[in-house]
Structures are given as C-alpha cells and as structure tokens.
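Read the figures in this text as sums done on the coordinates, not as results from a lab. In this text the structure is predicted, and so the values were computed from the model without any measurement. Quick reminder, even Gly has a Cβ in these numbers, built from the backbone with ideal geometry, and neighbours come from all protein chains shown.
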Amino acid sequence: MPLTEADFAAVLLTLELAALTTVLLLLIGTPIAWWLARTGSRWKQPIGAIVALPLVLPPTVIGFYLLVSMGPHGVIGQLTQSLGLGTLTFTFTGLLIGSVFYSLPFVVQPLQNAFEAIGRAPLEAAATLRAGPWDAFFTVVLPLAKPGFVTAAILGFAHTVGEFGVVLMIGGNIPGKTQVASVQIYNHVETMNYAQAHWLAGGMVLFSFIVLLALYSGRSSQRVWQ
Amino acid sequence: MIWPLQRRNVPTPTLGGAGEIQARFKVEHADFTLDVDLNLPGRGVSALFGHSGSGKTSCLRCFAGLDRPSEGYLQVNGEVWQDSAQGLFVPAHKRAVGYVFQGANLFAHLSVRRNLEYGLKRIPAAQRRIALEQAVELLGIGHLLQRLPGKLSGGEQQRVGIARALLTSPRMLLLDEPLAALDLKRKQEVLPYLERLHSELQMPIIYVSHSPDEVARLADHLVLLEDGKVSASGPLKETLLRADLPFVFEEDAEAVVDAQVTAHDPAYGLLAVQLPGSGISLQLPHGPLPPGQSVRVKIKARDVSLSLQQAQHSSVLNLLPARVVDWINVAEQAHVLVRVQVGREQLMARITRYSFDRLNIQREQSLWAQVKSVSLLGAS
Amino acid sequence: MRFGIFHTLCPLFAALAFTSNVLAEQVQVAVAANFTAPLQAIAREFESDTGHTVLAAFGATGQLYAQIRNGAPFEVFLSADERTAAKLEREGLGVSGSRFTYAVGRLVLWSAQAGYVDGSDAVLKASPFRHLAIANPKAAPYGLAASQVLEKLGLSATLKDKLVEGQSITQTHQFIATGNAELGFVALSQVYKEGQLSSGSAWRVPAELHTPIKQDALILKKGEHNPAALAFSEYLKGEKATAIIQSYGYQR
C-alpha cells in the first residue's frame with residue numbers, strides 16, 4: 001500500500017478535526033436550535049436564514065471570507081491579535097472555526113427539527129410535575145430528542161470529513177496542522193501521483209461508508225423498538 | 001348502571017377565609033379575551049363548563065401557571081400564587097398543583113413507574129402525603145408499572161396521568177376534560193376512579209368539561225363560561241335550576257336530585273327510590289340495587305308535566321305532589337318553564353303557554369308534577 | 001403555430017450566420033495561473049486583430065494537466081513550466097513540434113505592505129514574520145523555484161516552520177494580499193504592471209538562484225485542425241504579444 005506517513009497523518013488530522021468540530025457544534029448548536037424551535041420573536045426567520053447560509057454558499061465563498069476576516073485586517077483577525085493570539089489562518093484552530101461555520105446548519109437543523117417535534121406538551125407536563133426549566137430540558141427534552149442528536153452528530157462529522165473548499169482557502173497545506181485528507185488527495189492529483197490519490201480517496205470512501213452504515217442501522221433499530 | 005356515591009358528605013362551601021379559592025384572570029388571546037372573576041370553594045369538585053372556545057381550558061391553565069394572564073390574582077386556600085398588582089407570579093413548576101391533561105401527556109421515553117416517580121421525586125420527602133402504592137391502588141394501575149406509555153390504552157394512560165398528578169401531593173388538582181379523548185367504554189372505566197378521587201381526597205378539584213353528564217355526576221360547584229366570561233357560578237343544583245340561564249346545558253333544562261334506593265320489583269323491573277326528608281318516592285325501570293344506596297337521578301323539564309289533580313288512570317309512573325315556585329317564558333313564547341318544589345328538591349316542568357294560562361298557574365299553588373321519565377346519571 | 005415560429009426563426013438564423021465572419025473561430029486555452037493577467041491582455045489584442053475569440057481557463061499546471069489527460073476540451077496549453085508541456089507532447093496529447101517557450105518567469109519576494117521587503121533578501125534572513133507563503137513546490141514551478149532559492153540561501157531549515165503553501169501561485173498571492181502571510185514568493189507578473197510594481201514592496205530574485213522558469217506552450221491534439229488555435233500560437237510569438245509579456249515582467 002503506497003500510503004505514506006504524510007497520508008496517515010492527513011487521515012488522523014481529518015478525523016481529529018471532524019470529531020472536535022462535531023463536539024463544538026453540538027455544544028453551540030443546541031442552544032441555537034432550542035431558541036429557533038421555541039421563539040416567537042421576529043428574529044427567528046433572519047437568524048434561521050443565517051444559520052442555513054452554509055448550505056447554499058459555495059465552500060470557497062465561506063473560505064474566502066474567512067481568509068479575509070481572519071487576516072490581520074479582518075474582524076476576527078483583529079480580535080485574535082488584540083487577545084495576543086496572532087492570526088488564525090494556517091492554524092488548526094482556524095480550521096476548526098472554519099469547520100464550525102461550514103457544518104453549522106448540518107447540526108442545528110436536525111436538532112431544531114427534533115425540538116420542534118417534541119412540542120410544548122411534554123414541557124408543560126414537566127412543569128406541572130415540579131421540574132424547573134433546566135431540569136425539564138435535561139430529563140425530558142434531551143432524551144426525547146436523542147434521535148435528533150444522533151443525526152446531527154452524524155451529519156456534522158461526515159460533512160466535516162468531506163470539507164475541502166474551506167480548508168483549501170485558509171489551510172496553507174501544513175502537514176500535521178492543516179493538511180487534511182481531502183487536500184492531500186488534491187495534492188496527489190496535482191503532482192500526478194494517481195496511485196496514492198486512489199488509495200487515499202478509496203480509503204476515505206470505505207471508512208465513511210462503514211461509519212454511516214453502522215450509525216444508520218443503529219438508528220433504525222431504535223425505531224423498531226418504539 | 002348506577003354509580004353509587006359513597007361518603008358524599010362534602011360540607012357546604014364556605015366563602016371567605018382560608019378555605020377558598022379566589023381567582024381573577026384577564027388574558028388576551030387571538031380570537032377571544034378571557035376575563036373571569038371567581039370564588040370557588042376550597043374543597044370539593046368545582047366544574048368549569050362551557051362550549052369549546054368558551055375559555056375553560058384557558059382558565060384552567062391560568063390556575064396552573066401554564067399561561068400568564070396580563071392581569072391576575074390567584075389565592076388558593078391562603079396561598080397567593082399570582083398578584084399582578086404586586087408583580088407576583090409563581091411559575092408553574094413552583095405551584096403545588098396536579099394537572100391532568102386531556103391526552104394524558106405521559107412522557108413517552110419513561111415507563112409508567114418512572115412517569116409516576118417523576119413528580120414524586122421532585123417534592124421533598126417531608127411534603128409527600130400520597131405514596132406511590134396509594135396512588136397506584138387508587139387508580140388500579142398496578143399491573144401497568146413496567147409498560148411504556150405507547151403500549152397503554154387511552155383509558156389506562158389517563159389513569160396513569162391522574163396518578164402521576166396526585167403523586168406530587170398537590171394542594172389542588174386540575175383536570176382538563178380528562179374523559180374527552182376517550183370512547184364510551186373507556187369513559188365508563190375511568191369515571192368511577194374520578195368519583196373515588198372526589199370522595200377520598202381533601203384537596204379542591206377543578207374539573208373542566210363540556211359534558212353535562214360528567215358535570216352532573218361529579219360536581220359540587222358549577223361555573224358556566226361563555227365567550228371567556230363567567231355567566232354563572234354557584235352550587236351545582238342551584239345553578240342548574242336557575243331559570244334565568246337559557247338552556248344551561250343547551251339541551252333542555254333539567255334537575256338533578258339525590259335519592260336513596262328503597263326497593264326493587266323484579267317482576268316489572270322497576271326500582272323505587274325515595275327523596276330524603278319528604279318520603280316522596282320515584283319509580284324507574286332499572287336493575288336491582290341494594291336498598292339504602294344513595295343515587296343521583298336526572299329529570300328533564302320536558303319530561304315533567306303538571307296537573308291540578310292527581311291523575312288516577314295515567315300511564316305516567318310518577319305523580320308527585322308539588323308546589324309552584326316561579327316560572328319563565330322561553331323561546332318563541334310557546335312554552336313556559338315552571339319551577340316546582342317537590343319535597344326538599346326542585347324540578348322544572350316545560351308546558352305550553354296555552355296550558356299555563358288555561359290552568360291559571362299561580363305562585364305557591366299546590367298541584368301534581370307528572371314525571372314521565374327519570375334517568376340515572378351514567379346511563380345513556 | 002409551430003409552422004409560424006419556424007418561419008420566423010429560420011430567416012433570423014440565416015441572417016446571424018451571414019453577419020458574422022464566416023472564418024471566425026473560437027479557441028479554448030488552458031493557462032497557468034501565473035500568466036492570467038498577461039494572457040487577458042494578449043487575448044484582447046488577438047481578438048481585435050483577428051476576429052477569433054479566446055476562451056481561457058486558468059489554473060494550477062498540475063490540475064490542468066490532469067484535466068487534459070482526462071479529455072478536457074482545451075486546444076492550446078500554456079504551462080507554467082517546461083516539464084508538463086513536454087510530458088503532454090510525449091504522451092501524444094499535443095501536436096509534436098508545436099511546443100515553444102513563450103515566456104521565462106521571474107520570481108519575486110513580495111509583501112503587500114510597503115517597505116516590508118527592502119529590495120534584498122535581508123528580511124528573509126532576519127525573519128521577523130510568522131508566515132512565508134510559497135506555492136506548493138510539488139505542484140507549481142514557481143513554488144519549486146522558491147524552494148530552490150531558499151535552499152541556495154541556506155534558509156530552508158530555519159524557515160521550514162514558517163512556510164505556508166498555496167495550491168497555486170494565485171492562491172499564494174491571495175495569502176499575501178490579504179495579509180495572512182506577511183510576505184511570500186510569487187510570480188513577478190502578478191505584481192508587475194506596465195513595467196513597475198503595482199503595490200507593496202518586493203525583491204526581484206536574481207535569476208541565478210534557481211533553475212530558469214521556462215514556460216512552454218503547446219498546441220493540443222484537440223486544437224490540431226482549428227485555425228484559431230494555430231493563429232493564437234503564432235500570435236504569441238509575435239511582436240505585440242512579446243511587448244505585453246515583457247511589460248508584465250517576463251523575459252523572452
């Protein structure tokens with residue numbers, strides 16, 4: 001198998017990025033999804049549309065704007081510089097932030113749907129049974145929304161594994177830091193190492209397929225028990 | 001089937017003081033405004049009756065704190081739960097109410113036992129006055145504890161819902177049309193448990209319903225709601241008989257009367273019941289019941305006619321000595337509703353204006369009420 | 001009704017066909033990213049002089065190679081190096097004998113900030129920067145040349161951790177232009193216009209520090225019989241094109 005150390009490093013980096021992004025998104029996305037599901041405010045539609053933007057924007061657009069805003073003259077860049085962190089382009093942290101934007105709707109929307117499907121009734125029942133809002137959220141909403149969380153995690157993870165355009169724009173192709181598998185495959189094609197490209201790409205397809213298969217069969221067997 | 005009513009010795013509600021519920025709610029909804037001012041007894045069953053859209057559920061939710069009236073005051077047996085003038089609003093999860101939802105609203109991800117324990121766990125041990133076993137036994141759900149709500153019938157779910165609400169040892173039990181979503185058979189199954197609740201619990205119960213029969217069977221106090229406003233509020237029997245309320249139950253005016261079983265005639269299938277205090281007897285076709293058992297009967301105004309003399313050769317079973325109290329004209333003036341006193345109870349008789357004039361009905365006049373049909377509450 | 005439309009459109013098409021120059025053709029050109037600006041200028045002149053139209057696609061040389069190999073409809077290929085064009089010719093995808101060097105590239109160390117680079121390699125040695133951008137050496141000839149320069153200057157090891165790679169020379173320029181890399185190696189043509197530096201500060205890297213970046217052009221098999229392709233190839237060798245190419249900082 002002609003895969004090099006750089007290739008394995010790229011795969012590991014990809015998995016690390018996808019896992020961390022998913023965790024971050026579940027943490028950030030849950031309150032956003034909850035608010036979107038429950039609010040009657042007139043900001044619901046605009047904010048919902050902003051969250052959905054990465055669904056329709058070409059990743060290179062996201063990447064480009066990240067490149068500009070993370071740079072020394074951009075909003076994010078000036079913030080990070082004032083905090084003494086320098087600029088985030090070409091760093092793993094920068095990729096993480098980019099991935100969070102890129103995969104945001106893929107996590108928020110399934111969660112929002114799950115929360116909406118729960119409706120108000122279970123929460124009212126919980127309130128009449130002396131559960132305060134946080135208590136009700138953890139003991140009633142989360143268990144009922146579990147399938148939504150699983151979907152959100154699967155989609156967030158898988159989507160980040162496939163991320164390319166954003167990484168291309170802000171990554172800088174640094175091995176071990178920003179050289180993820182998708183970029184590495186691109187490198188192999190660029191340098192006409194088709195054999196390596198095949199191995200790496202094929203391996204990623206196989207891996208993703210197995211993961212998705214396992215997770216989807218887990219979900220449908222849950223439904224059977226209902 | 002008759003439903004025996006045991007221990008119906010609920011004291012006459014006293015208004016004013018610690019043993020009562022004072023509620024004033026004003027809520028603006030999209031299509032109507034709820035604006036009620038209620039004084040309810042601090043014990044027994046108070047029924048909120050009205051059509052859909054009359055505001056009864058909205059009112060109940062205000063009691064629970066699930067909806068927040070823009071202006072409101074709520075005091076339950078001495079505890080103030082809302083006072084908008086002072087900016088006080090105790091949120092739902094801090095109020096000691098038990099709420100039974102229309103569709104039971106059980107937690108789908110928890111077993112019946114876990115559902116029951118949900119509220120129980122959340123009150124300090126010192127405040128638990130009802131134990132799990134008690135509630136289970138009261139509602140007869142012991143065999144269902146391990147099941148998931150999805151595997152229960154509608155009636156079973158509703159009973160679990162009631163038990164679950166009780167297990168928070170509430171100061172007040174609120175029921176939102178608990179039988180509305182059930183078919184007849186299930187209704188019959190759950191009703192007796194509701195009656196047991198009534199007789200065995202000390203707490204006030206507020207019962208929302210649009211079913212006249214349910215209200216007649218369970219209520220001690222009746223509140224009529226129409227378009228978000230209270231059109232009447234008072235003890236059940238009095239309110240039912242109020243002649244100034246056109247068609248209180250929309251169908252015909254009817255009277256509800258307490259009686260005691262005296263005898264049964266198996267040959268003719270007739271059950272005899274006696275009105276307490278007056279010795280006046282009624283007969284009706286029914287299966288046998290133990291003598292002495294207390295029952296409630298319903299007599300529709302249209303089934304009562306009046307006669308100046310006691311008819312000797314009539315097919316009507318029940319001829320009762322009566323005294324005219326007052327009357328009211330109804331509808332297109334073709335009929336008159338006459339209220340008569342029979343012993344200690346009152347009945348309504350619906351007669352034509354023609355007959356009214358012809359018989360020259362006067363107040364205090366003694367005559368005979370001919371009761372053609374008597375039904376026992378619960379029978380259809 | 002269909003009859004009527006047909007009768008309306010038919011003469012319309014005929015009119016269009018006769019108004020355009022019957023001899024005018026279209027040529028599809030694949031162009032290395034670094035040559036973007038000069039190519040656009042040359043194409044404008046070409047079109048007005050000959051009436052042919054130029055459809056150009058710009059990209060990294062390696063990428064364009066892969067596309068051509070897999071059947072992309074290009075007719076002329078302007079590579080950023082010698083090697084790729086020669087490879088295509090060897091593989092039979094180009095018209096033999098049509099390959100020629102259309103430009104010799106110059107490397108420049110450039111920063112978007114004025115005064116950052118002082119016209120020498122001093123800033124490289126002092127290395128006050130966090131990121132130095134170069135094109136991917138494996139994929140882009142200018143990147144390869146840049147790495148050769150660093151090697152020659154003995155700075156490869158010290159600057160290794162500060163290197164960020166753009167996938168193409170265009171992206172490399174982007175990194176520097178947005179300030180994310182303080183400086184980097186780009187093609188002179190990217191920052192040179194009408195004979196001078198258009199912005200920022202630069203050091204024109206002496207040609208001896210790297211192997212010459214010969215950029216070869218090739219007529220591809222697909223364009224073999226297209227008169228516009230042949231015309232374009234010839235035009236590139238001509239006077240007007242030469243002047244433009246030189247004004248962008250290339251040599252001939």
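Summary table below
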{"quantity": "Debye log10 I(q)/I(0) for the protein assembly as shown, one point scatterer per Cα, at q = 0.06, 0.09, 0.10, 0.11 Å⁻¹", "calculated": "-0.66, -0.95, -1.08, -1.22"}
{"quantity": "Dipole magnitude (debye, nearest 20) for chain C, charges at Cβ of Lys, Arg, Asp, Glu", "calculated": "380"}
{"quantity": "Positive-end extreme of charge dipole, chain B - chosen from B:LEU376, B:SER233, B:ILE162 (charges on Cβ)", "calculated": "B:ILE162"}
{"quantity": "Fraction of beta bridges assigned by DSSP in the protein assembly as shown that are antiparallel (%, nearest 5)", "calculated": "70"}
{"quantity": "Two-decimal Rg to Rh for region C:107-204 - Kirkwood Rh, Cα set", "calculated": "0.92"}
{"quantity": "Burial ordering of C:SER120, B:SER209, fewest other beta-carbon atoms within 10 Å first", "calculated": "C:SER120, B:SER209"}
{"quantity": "Cα Rg, Dmax, region A:62-109, angstrom units", "calculated": "11.1, 35"}
{"quantity": "Which of C:THR50, A:THR22 has the fewest Cβ neighbours within 10 Å, and the rest in rising order", "calculated": "C:THR50, A:THR22"}
{"quantity": "Burial ranking of peptide ranges B:101-108, C:189-196, C:140-147, A:162-169 (average Cβ count within 10 Å, highest at the top)", "calculated": "C:140-147, A:162-169, B:101-108, C:189-196"}
{"quantity": "For chain B, the fraction of alpha-carbon pairs in successive 20 Å shells from zero, as %", "calculated": "26, 53, 20, 1"}
{"quantity": "J(HN,Hα) series, region A:33-43, from Karplus relation 6.51 cos²θ - 1.76 cosθ + 1.60, nearest Hz, glycine and proline x", "calculated": "4, 5, 4, 4, 6, 9, 7, x, 5, 6, 7"}
{"quantity": "Those aspartates and glutamates that a straight Cα-Cα span of less than 15 Å connects to C:LYS237, excepting residues fewer than 8 apart in one chain", "calculated": "C:GLU45, C:ASP49, C:ASP216"}
{"quantity": "Residue exposure sequence - B:TYR99, B:TYR193, A:TYR186, A:TYR102 - by fewest surrounding Cβ within 10 Å", "calculated": "B:TYR193, A:TYR186, A:TYR102, B:TYR99"}
{"quantity": "Distance between region C:172-240 and region B:260-280 - C-alpha centres, whole angstrom", "calculated": "114"}
{"quantity": "Chain C: relative contact order in percent, alpha carbon pairs under 8 Å with at least 6 residues between", "calculated": "29"}
{"quantity": "Three-way shape label, chain A, alpha-carbon gyration tensor, a/c 1.5", "calculated": "oblate"}
{"quantity": "Calculated FRET efficiency for the pair A:GLU16/A:SER217, C-beta based, R₀ 25 Å, to 0.05", "calculated": "0.45"}
{"quantity": "Compactness index (Cα Rg / 2.2 N^0.38 Å), region B:20-241", "calculated": "0.98"}
{"quantity": "For chain A: relative contact order, % (alpha-carbon pairs under 8 angstrom, 6 or more apart)", "calculated": "31"}
{"quantity": "Shielding by partners, peptide C:164-176 (average Cβ within 10 angstrom, other chains)", "calculated": "4"}
{"quantity": "10 Å Cβ neighbours from other chains, averaged over peptide A:120-127", "calculated": "6"}
{"quantity": "For region B:20-241, share of DSSP beta bridges that run antiparallel, in % to the nearest 5", "calculated": "60"}
{"quantity": "Gyration tensor (Cα) of region B:101-207, equivalent ellipsoid semi-axes in angstrom", "calculated": "20, 17, 12"}
{"quantity": "Fraction of antiparallel bridges per DSSP, region C:107-204 only, in percent to nearest 5", "calculated": "60"}
{"quantity": "Exceeding the 23 Å Cα-Cα cut-off - candidates C:LYS125/C:LYS152; A:LYS177/C:LYS125; C:LYS87/C:LYS214; B:LYS187/B:LYS298; B:LYS56/B:LYS237", "calculated": "A:LYS177/C:LYS125"}
{"quantity": "Average beta-carbon neighbours from other chains, 10 Å sphere, peptide A:86-93", "calculated": "4"}
{"quantity": "Rounded if a/c under 1.5, otherwise prolate or oblate - region B:254-376, Cα gyration tensor axes", "calculated": "prolate"}
{"quantity": "Relative contact order of region B:20-241, pairs being alpha-carbon contacts under 8 Å that are 6 or more residues apart, as %", "calculated": "31"}
{"quantity": "MRE, 222 nm, helices only [DSSP H, n ≥ 4, -39500 (n - 2.57), over chain B, to nearest 500]", "calculated": "-6000 deg cm²/dmol"}
{"quantity": "Value in Å of the Kirkwood radius, where chain C supplies the Cα pairs that are averaged", "calculated": "19.5"}
{"quantity": "Protection-proxy order for peptides C:128-134, B:259-265, each taking the mean of Cβ atoms within 10 Å per residue, highest first", "calculated": "C:128-134, B:259-265"}
